[in-house]
Amino acid sequence: MNQPIRVLVAGCGNMGASHARAYHNMPEFEIVGLVSRGPESRNRLSQELGGLPTFSSFEEALAQTRPQAVSINTYPDTHARYVKTSLQAGAHVFVEKPLAETVEEAEEIKALAEATGKKVVIGYILRVHPAWEKFIEIARELGKPLVMRMNLNQQSKGSTWHTHKMVMNSMSPIVDCGVHYVDVMCLMTRARPVSVSAIGARLSDEIRPDMYNYGQLQVRFDDGSVGWYEAGWGPMMSETAYFIKDVIGPKGCVSIVDAGGKERESASDDVDAHSATNSLKIHHAELNEAGEFAKEDVMLDTTDEPDHQGLCDLEQAFFLKA
């Protein structure tokens, strides 16, 4: 039997803890250490998983544990540095999105991974989501061009607003979350983006003067398809139509809706609800001789989809396969 892969987990917040639980439950992995800036999260997770070595310094943990793989789930401004350091140490890397803060850093990482022969897997969780895979499949059947309308606004407070402010020390909401949905747009169209534009606004004095907590981006593709994504964080955000996932093509449209075709009713800052689909509503544009719709709308029930932890388990199964 092969020896388990020695993995170091950096970041013990929501995503880091979920990925650590996935490794803990997979015999193919052995967690050799937990890294976080604050002692509370790493000590709590260590105790939950049976008493694992903990570290406050990423570099110290890497040197002491000598892992074969590193799981990076820290704040975005550390991603590129930690990925490059891990690759240079001879480890494969799983990294939460986004890979880097700039295109130049992302290209450096790609070149380094190729030079070292190590794998880098980015945490695009929707790529392993069965219901989102179906959503993408149906969108591809709607003809071209596609119009893709997506948003995820979060009326955050308390610890969630604190986390959002920490993320916004280095990255805006439309970049932090938008990478998922632009990736989905690319999968739906199988086309190349040719232009991107964006607008944004700063709605809180609690964030950096040059940062914005609301934004919208627009993408145009070389097949004529267009898409927009909107994201806002903070206690001032509206929960009206906060979750839109809608794709329109010449042959009809497909939308993510709650059971019964209702709009999303869960709390907008509920992490488990962010990737949930519940139902897919399919509308056909075909008309009959009387000018009425030839087919009724179809509802696909997807409530048996994995929860947040189940999706993280699927991501780590993909990492293992890679």
Could you check the stretch 82-111 and list, in sequence order, the residues that are surrounded by fewer than 16 Cβ atoms within 10 Å (Cβ to Cβ) and closer than 21 Å to R6 by Cβ? Q88, G90
In the stretch 219-256, how many are over 24 Å from L300 (Cβ atoms) and out of contact with any strand residue (DSSP E or B) (no Cβ under 7 Å at 6 or more places or on another chain)? 8
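Those residues that are of a type in the set (G, A, S) and crowded, with 21+ Cβ neighbours inside 10 Å, I need them from the stretch 60-81; list them, please.
Here is the first cut: in the stretch 60-81, the ones of a type in the set (G, A, S) are 61, 63, 69, 71, 80.
Matches in the stretch 60-81: A61, A69, S71, A80.
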Candidate set: the stretch 175-211, residues that are under 20 Å from the mean Cα position of the chain (by Cα) and hydroxyl-bearing (S, T, Y); chosen: the one surrounded by the fewest Cβ atoms within 10 Å (Cβ to Cβ): Y181
From (1) within 24 Å of the chain's Cα centre (by Cα); (2) at pLDDT 95 or above, pick out the condition that doesn't hold for E101. (2)
Taking the options S46, S41, S57, name whichever one is among the polar types (S, T, N, Q) and either crowded, with 22+ Cβ neighbours inside 10 Å or under 20 Å from P4 (Cα atoms) (or both). S46
Being without any contact (Cβ under 8 Å) to a residue 60 or more places away in the chain and either touching a helix residue (DSSP H, G or I) at 6+ places or on another chain (Cβ under 6 Å) or of a type in the set (G, A, S) (or both) is the filter here, so list the residues in the stretch 114-139 that pass it. A115, T116, G117, K118, V120, Y124, I136
Give all pairs with beta carbons closer than 7 Å in which a residue from the stretch 158-172 that is at negative phi meets a residue that is assigned to a loop (DSSP other than H, G, I, E, B) and hydroxyl-bearing (S, T, Y); count only pairs at least 6 apart in sequence or on separate chains. H164/S156; M166/Y75; V167/Y75; S170/Y75; S172/Y212
Can you tell me which residue is farthest from T302 (Cα to Cα) among those in the stretch 112-134 that are crowded, with 16+ Cβ neighbours inside 10 Å and not hydrophobic (A, V, I, L, M, F, W, C)? T116
Of all residues making up the stretch 135-156, the number that are in a helix (DSSP H, G or I) and either surrounded by fewer than 16 Cβ atoms within 10 Å (Cβ to Cβ) or in contact with a strand residue (DSSP E or B) (Cβ under 8 Å, 6 or more places away or on another chain) (or both): 4
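The values are calculated or read from the model by the stated rules, or taken from the named source; none is laboratory data. What you are looking at is a predicted structure, and each value in this text was computed from that prediction instead of being measured. Please note: Cβ atoms are built from the backbone with ideal geometry, for glycine as well, and neighbour counts cover all protein chains shown.
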